[in-house]
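What follows draws every value from the coordinates through simple rules; no lab data is involved. All figures in this text were calculated on a predicted structure; none of them were measured in a lab. Methodologically, a virtual Cβ is constructed for each residue, glycine included, from the backbone with ideal geometry; neighbour enumeration extends over all protein chains shown.
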Amino acid sequence: MTAHQPVFDVEALRRQFPILHQEVHGRPLIYLDNAATTQKPQAVIDAIDRYYAHDNANVHRGVHSLSERATAAMEQARESVRSFLNAGEVAEVIFTRGTTEAINLVAHGFAREVLRPGDEVLITALEHHANIVPWQQACAASGATLKVADIDDNGEVVLADFEAKLSERTRIAAFAHVSNALGTINPIEKMIALARAAGAAVLIDGAQAVAHTPVDVQALDCDFYALSGHKLYGPTGIGVLYGRHEWLERLPVYQTGGDMIREVSFDKSVFAPLPHKFEAGTPHIAGVIGLGAAIEWLRGVDWPALIAHEDRLLARATERAAGLPGMTIVGRAQRKAGVLSFMLDGVHPHDIGTFLDFEGIAIRAGHHCAMPVMTRFNVPATARASFAAYNTLAEVDRLFEALDSVRRTFA
Amino acid sequence: MNPELRALYQEMILDHGRRPRHFGVPEHYTHKMEAFNPLCGDRLTLYATLEDGNVKAVQFEGQGCAISMASASMMCEEVEGKACADARTLYEHFQQLVTGQRGAEDIGRLEILAGVRHFPSRVKCATLAWHSLDHMLRGDSTPVSTE
Ligand SMILES: Cc1ncc(COP(=O)(O)O)c(C=O)c1O
């Protein structure tokens, strides 16, 4: 092997994404809403297609060939996820509908099995609603208290406050790896160490992280890590909860029914071993297979080059933002990934969104399912451009040309 | 600029969006109604003096996109001084106009907001103030939410 060269052939990568090659309102599509969902490479589309065209059957219950093929494909995908996250065992990989369901599974289990009146749950002020509301519910059901660590004006978690809000009553600290509204990469290694020192379990919301940075759950030493396939170049409706074996054994079942039992009589049921204990009902088999294909596809990407490329996109956007009159970036953390959230003086984010759509540019405008972040920065909403591996510097430049014309139209 | 986009953001709309008329909290009013669009965070409060079956005065306050601000501003201009019954009819006509169920007859200069019919995601912006007015005129005291 030759020495590593961080060159990134973005054009070759783009050719693998059929959706990118279209026009919107007569302009070439520039897709900058990747924090909402990423596009899918042909490899993922083909894997799903192949499954339905050749292998479709229910899993874990047929003796016939198709069922065996479907089961093998699903379990192979579980192994891909295990290896992607460097989990210790495949039994620690639970398939869910997405990050939201993964967090709900843990919060529900904590409410029933762990949290007692007077206990505490610690989150941060930059969380997505998916990592707020389940904990509010768990606290309401158990009598525990929800604590929230502050963020500063740059959108970084105030570590001193995070530490101060940990106590011997903190049963779990749950926080994002990367913020979807601000782009902040949290110093999760430090936060995990602090939480563990306080005796708390740790859940990481990795929805926005996994497409931008490698994750090693054993090195991180976290107890739970949640992700969504659709933000990782995979399909919607499928996600993962990684859970440390002992925790998954300890937590009670979430949904119950078929596939998650070993034995059922009318007196009682014996639940299936991990991971099936948490996978009630026929799973989203095609989704699992698509997610497996996305992960295998990502394995073929040169990660250091990908990270360098995405950093260049964000750096260019940040630099151009400084040169656009009236533009304010919301979220100026030292370490950011993928997200440029911003305001433009005198133009509401929704008007920006509609205007850019006519330039073929897809961005998101709104509160990004993070209303407390909007409140913290005293804005009703922001506009957000979010990047993926297939975006180019030329697209960033086109975004800013279009923003300049928005600014002039509304001035 | 693309013609549909130009129709949505006509100069008069941009002007009302930048400098909304009837804006601010009045000293006296008989009715107040809050409205919120959770999707985009637009918020406005409508204040009116309803007397002898007439909309004697109406003002609003809030923040939102150019479409919602312009629509609120123009609505206030149109309904102030009208009989409550006529204001309600205008509400219905406007609602039908922006959802493409009706042409621009009997709608006066509100016609310039007809362009939103091509933007399904923006119809709620144009109707937020109108829904508040409707609640007020019907004596419904629950705040308006577009969800
Ligand atoms: C940080 C973060 N957490 C959680 C979620 C929820 O993910 P999903 O809707 O796929 O369950 C998202 C998605 O928007 C997110 O960005």
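A few notes on this one:
- Highest-first packing order for the peptide set B:126-134, A:98-106 is B:126-134, A:98-106, based on the mean count of other beta carbon atoms within 10 Å.
- The Cα atoms of segment A:45-299 define a convex hull whose projected area, averaged across directions, is 13.8 nm².
- Taking every C-alpha pair closer than 8 Å and separated by at least 6 residues, the mean separation divided by the residue count of chain A gives a relative contact order of 23 percent.
- Compared with the alpha-carbon gap, the fully stretched path from B:LYS82 to B:ARG6 is longer by 24.3 nm at 0.36 nm per residue.
- Equivalent ellipsoid of segment A:17-76: semi-axes from √(5λ) of the C-alpha gyration tensor, largest first, are 35, 12, 8 Å.
- Principal-axis analysis of the Cα atoms of chain A puts helix A:133-142 at an angle of about 40° to the longest axis.
- Beyond 18 Å in Cα-Cα separation lie the following of the pairs A:LYS165/A:LYS190; B:LYS32/B:LYS56; B:LYS56/B:LYS82; A:LYS40/A:LYS336; A:LYS40/A:LYS231: A:LYS40/A:LYS336.
- Virtual spin-label span in nm between A:GLU163 and B:ARG138, 7 Å along Cα→Cβ: 5.7
- Angle of helix A:65-85 to the longest C-alpha principal axis of chain A, folded into 0 to 90 degrees and rounded to 10: 60°.
- Protection proxy ranking for B:28-41, A:52-65, A:248-261, using the average of other Cβ atoms within 10 Å per residue and placing the highest first: B:28-41, A:248-261, A:52-65.
- Spherically averaged projected area of the convex hull of Cα atoms, the protein assembly as shown: 30.7 nm².
- Dimensionless Rg over Rh [segment A:109-247; C-alpha; Kirkwood]: 0.94
- C-alpha long axis of helix A:303-322 to longest principal axis of chain A, angle in °: 40
- Efficiency of FRET between A:GLU246 and B:GLU34 - r from beta-carbon atoms, R0 56 angstrom, step 0.05: 0.65
- Distance (nanometres) between label positions extended 7 Å along Cα→Cβ at B:GLN96 and A:VAL264: 5.4
- Karplus (6.51, -1.76, 1.60) ³J(HN,Hα), θ = phi - 60°, over segment A:200-215, in Hz, Gly and Pro reported as x: 8, 6, 10, 10, 10, 8, x, 3, 8, 9, 4, 7, 10, 8, x, 10
- Cα extents for segment A:268-411 along the principal axes, largest to smallest and rounded to whole angstrom: 68, 37, 32.
- Segment A:338-411 versus segment B:1-37: alpha-carbon centroid distance in Å: 21
- For chain A, built as a Gaussian network whose Cα springs stay under 10 Å, the top-fluctuating residue of A:HIS25, A:HIS129, A:HIS368: A:HIS25
- Inter-chain shielding of B:60-66 (mean C-beta neighbours from other protein chains, 10 Å cut-off): 4
- Coordinate range along principal axes, alpha carbons of chain B, Å, largest first: 45, 31, 28
- Peptide A:349-357 - average C-beta neighbours from other chains (10 Å radius): 6
- Segment A:1-75 and segment A:125-166: distance between their alpha carbon centers, rounded to Å: 35
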